[in-house]
Ligand SMILES: [Zn+2]
Ligand SMILES: [Zn+2]
């Protein structure tokens, strides 16, 4: 076993084959690595429910290179709010279509300028970290650095992992040679709070209790625990609840997280925030992007004054 085959600390599993390809591109070891790596050409950093994950994990597990992928994949993050039957179908069929899969704002591969220097010193090569690609995360937690994703001087960004198998050495733009600078980002207490919640979610094992507690507390917060579903009174109270939920965020925060906002009752909101999965106990619609649930959990924490979703349940 060569150290370069291992997943490096916090490395995103979907990008490991491109790093192996980079390191082995002129050797015989590249045969199967190249096949894996080349498949990644169109890989999006926030592709939730990417079924390539299973094949990589199977290959890596069979080779005995590593056990446990919690620090390396999006599995905990993407499955956190699934109904048990959705989770079952994902594990069985390796296909799951979710609402909002392409709605988050960040779409480029990202890296921390300090991590790439440290990684190069320690492992000889910079690599893409899982935590840096998570929706709602804008900083490296280790260095408190803003994550970089493109060159302001020429507009270069990582269009494909095949072209840019690893983040740019020394944070220098491979296209124009300028040093890549930090993007301007909005930082508020709410954005920081969602950032930490996203990172925590990515390391927390699935339990159906999480969604149950959340739905219970939405209904409690809306004052409809004892009101029958699909009644006029329930709909009215849910509309009022939604208004309070929507107006607890400022528009620029929502623009940091989501690509598109739409007007709704005088407010600009993301369609994810209006999805029926948030308020119906037996939704018929597609599963929803976890970021919307994190916003609800944040709102409930603020409005009910309780700490964390676990304690919110009755
Ligand atoms: Zn860092
Ligand atoms: Zn450039």
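Evaluate E = 1/(1 + (r/R0)^6) for residue 212 and residue 26, where r is the Cβ-Cβ distance and R0 equals 45 Å; express this FRET efficiency to the nearest 0.05. The pair residue 212/residue 26 has a calculated efficiency of 0.25. Legend: translational diffusion of the stretch 87-143 by Stokes-Einstein, Rh = Kirkwood radius over C-alpha pairs, 37 °C, 0.692 mPa s; D = 238 µm²/s.
On the beta carbon distance between residue 261 and residue 62, with R0 = 35 Å, the FRET formula returns roughly 0.20. Between residue 152 and residue 52, full extension at 0.36 nm per residue minus the direct alpha carbon distance yields a gain of 32.8 nm.
For helix 113-123, report the angle its Cα long axis makes with the longest principal axis of the Cα atoms of the chain; keep it between 0 and 90° and round to the nearest 10°. The two axes meet at around 50 degrees.
D for the chain, whole µm²/s, Stokes-Einstein with Kirkwood Rh over alpha-carbon pairs at 37 °C and 0.692 mPa s: what number?
After rounding, the answer is 157 µm²/s.
For the stretch 207-312, dividing the convex hull volume of the Cα atoms by the residue count gives 108 Å³ per residue. For residue 88 and residue 220, the FRET efficiency from 1/(1 + (r/R0)^6), where r spans their Cβ atoms and R0 equals 41 Å, is about 0.90.
Quote the Stokes-Einstein diffusion coefficient, in whole µm² s⁻¹, for the stretch 3-171, based on the Kirkwood radius over alpha carbon pairs, a temperature of 20 °C and a viscosity of 1.002 mPa s. Walk me through the numbers before you get to the answer.
On the way: Rh = 16.7 Å.
For the chosen part, D equals 128 µm²/s.
In a fully extended conformation the segment linking residue 244 and residue 117 would gain 41.3 nm over its present Cα-Cα distance, using 0.36 nm per residue.
Within the chain, DSSP assigns beta bridges of which about 90% are antiparallel (rounded to the nearest 5). Counting only alpha carbon atoms, the long axis of helix 189-201 and the longest principal axis of the chain meet at about 70°.
Helical content alone sets the calculated 222 nm signal of the chain at -12000 deg cm²/dmol, taking -39,500 (n - 2.57) per DSSP H segment of four or more residues and averaging over every residue.
Each value in this text was obtained by applying a stated rule to the coordinates, not by laboratory testing. From a predicted model like this one, the values you see are computed outputs, not experimental measurements. As a convention, Cβ positions derive from the backbone with ideal geometry for all residues, glycine included, and neighbour counts pool all protein chains shown.
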